[in-house]
Amino acid sequence: MNPQRIVVVGAGHVGLYTALRLSRKLNSRKAEVIVIDPQPHMTYQPFLPEAAAGNISPRHSVVPLRRELKRCTIVAGEVTKVEHARKTVTVQPIDGPVKEIAYDHIVVAPGSVSRTLPIPGLRERGIGLKTIGEAIYLRNHVLDRLDVAAVTPDPEVRKASLTFLFVGGGFAGAEALAEMEDVVRDGLKYYPELKQEEVRFILVEAANRILPEVGPQMGAYAARQLRKRGIDIRLETIMKSCVDGEVHLSDGEVFRSETIVWTAGVKPSPMLAQTDLPLGPRGHVNCLTTLQVADESGTALDGAWAAGDCAQVPDLTNPGGWCSPSAQHAVRQAAVLADNIKAVVIGAQPKDYKHKYAGSVASLGLHKGVAKVYGVKLKGWPAWMMHRIYHVSRIPSFNRKVRVLADWSLASVLKREVVSLGQLHEPREEFEEVTPHLEPAPASDKPVAAGAR
């Protein structure tokens, strides 16, 4: 009997944990696991704000796929089409021709992308925070603005360079803003030309509170703590335009900012539109509680599975509701999903996914945080420590846990690095400037003799 081929689309929380568990529970005679992702690593997204702040090395917030998934086949490429009717997936490799891969089971887990809006100027000026590249860019950009502000003779440029706008008050926005405010505050020690009073951090949120995941009471506490640090929080406000860095808010204020960070939610990967799988009204894959993809009648599709941010999974602990797009659900869904695929492969029945949301933890910068876990509310240092303990326990691999702990230990005794490495984003610019430009050689007009080679 040939081993069944299991294709995992995406190597985020769901993809990596599912592939890892399958490779451990099914030997090569039972199944072949293929993981397809354009990136050679899994990004542990809860660590992106800390990577942007320099608390941990950016490399330590990602997990190399080939090191962690030694028993799986890794395909570096982008999935351009899934035809479940034929049980084939079309892949565009990083280099080379398009190819089709047949499968017996498919795990659709491409995750999510930033949920953007048609706001004038956002495409040109906005900075996201979904990838490690964006986290590195944000850090370098913010520190570069301090250099600009310190030397410019133009007061308007100085003011715009020291104005930092974050749009979205969920986990990503509040944590990134708090971490970057710490970075700027520490960085000003080395800029005698700049004063703390000149720096302006603004958080814009369309809802009437921030950090809804930790509940209204702890969200209000977080807002008060951020305001004590001089951070301007605008609730029930939206950004209407940011053309050329001129920001227009719905409350009527207009100001210039050279740093506009967009963290206003996520949406399912647009790759799902290139599949023949049933999608819900918001673009998610329709799933049963067993994490099997369901058709319009609610019947499981043979060999199709999904979980995580891209899936609409019924929440059995909240009848009528859906599992939230969080790492907490994704990691636990991955374990159930892998076990259910194994069950089907060996002829057993899949089980339902059921997990009562334990709560949430959020960092508000160094030694500051809020948490609500199993109904217990924490704030300040205890919440910050719980945030760190929880996430270091969740990042895959012993290797990464040790490296993150080493980064934190060093950061606790050494001063924060506040140097910009902006050249990372244009590494060949200087080389091109000093290299002579050559005009292409003109094509030869001399006729080629017959038979010549």
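The values are calculated or read from the model by the stated rules, or taken from the named source; none is laboratory data. Note that the structure is predicted; figures quoted are calculated from it, not measured. Every residue, glycine among them, receives a Cβ derived from its backbone with ideal geometry; neighbour counts consider all protein chains shown.
Rundown of residues vs (1) of a type in the set (Gly, Ala, Ser); (2) farther than 30 Å from residue 304 by Cα, yes/no style:
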site	(1), (2)
101	no, no
106	no, no
112	yes, no
116	no, no
127	no, yes
145	no, yes
157	no, yes
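What residue, of 135, 102, is under 22 Å from the mean Cα position of the chain (by Cα) and in contact (Cβ under 8 Å) with a residue 60 or more places away in the chain? Step through it out loud before you land on a result.
Values: 102 fails: under 22 Å from the mean Cα position of the chain (by Cα).
So the residue among 135, 102 that is under 22 Å from the mean Cα position of the chain (by Cα) and in contact (Cβ under 8 Å) with a residue 60 or more places away in the chain is 135.
Suppose we keep only residues that are of a type outside the set (A, V, I, L, M) and over 16 Å from residue 35 (Cα atoms) within region 53-76. Which one would you say is nearest to the chain's Cα centre (by Cα)?
First pass over region 53-76, keeping only residues of a type outside the set (A, V, I, L, M): 54-55, 57-61, 64, 66-68, 70-73.
Still in the list and also over 16 Å from residue 35 (Cα atoms): 54-55, 57-61.
On the way: 54: 17, 55: 17, 57: 16, 58: 13, 59: 14, 60: 15, 61: 11 Å.
Across region 53-76, the extreme among qualifying residues is 61.
Looking only at region 343-372, count how many residues are among the charged types (D, E, K, R) and under 24 Å from the mean Cα position of the chain (by Cα). Steps first, please.
Keep residues of region 343-372 that are among the charged types (D, E, K, R), which gives 351-352, 354, 356, 368, 372.
So of that shortlist, the ones also under 24 Å from the mean Cα position of the chain (by Cα) come out as 356, 368, 372.
Looking only at that region, the number is 3.
Taken over region 1-39, the criterion of being within 15 Å of the chain's Cα centre (by Cα) and either more than 15 Å from residue 101 (Cα to Cα) or not in a strand (DSSP E or B) (or both) is satisfied by 10, 11, 12, 13, 14, 15, 16, 38, 39.
Annotation: of all residues in region 318-338 being at pLDDT 90 or above and more than 22 Å from the chain's Cα centre (by Cα), the one that is nearest to residue 31 (Cα to Cα) is 338. Any residue at all in region 154-164 that is within 19 Å of residue 248 (Cα to Cα), surrounded by 18 or more Cβ atoms within 10 Å (Cβ to Cβ) and under 22 Å from the mean Cα position of the chain (by Cα)? Checking region 154-164: at least one residue is within 19 Å of residue 248 (Cα to Cα), surrounded by 18 or more Cβ atoms within 10 Å (Cβ to Cβ) and under 22 Å from the mean Cα position of the chain (by Cα).
Filter region 340-371 down to the residues that are of a type outside the set (Phe, Trp, Tyr), closer than 22 Å to residue 319 by Cβ and in contact (Cβ under 8 Å) with a residue 60 or more places away in the chain and list them by number.
Filtering region 340-371 down to residues of a type outside the set (Phe, Trp, Tyr) leaves 340-352, 354-356, 358-371.
Within this subset, residues satisfying the condition of being closer than 22 Å to residue 319 by Cβ are 340, 350-352, 354-356, 358-360.
Listed by number, the residues that qualify are 350, 351, 352, 354, 359, 360.
Please verify whether region 86-97 includes one or more residues that are basic (Lys, Arg) and over 19 Å from residue 335 (Cα atoms). Let's see the steps before the verdict.
Residues of region 86-97 that are basic (Lys, Arg), as a first pass: 86-87.
In the following step, the residues that additionally are over 19 Å from residue 335 (Cα atoms) were identified as 86-87.
Yes: one or more hits.
Looking across region 303-317 at every residue that is within 28 Å of residue 47 (Cβ to Cβ) and out of contact with any Phe, Trp or Tyr (no Cβ under 7 Å at 6 or more places or on another chain), the one that is surrounded by the most Cβ atoms within 10 Å (Cβ to Cβ) is identified as 308.
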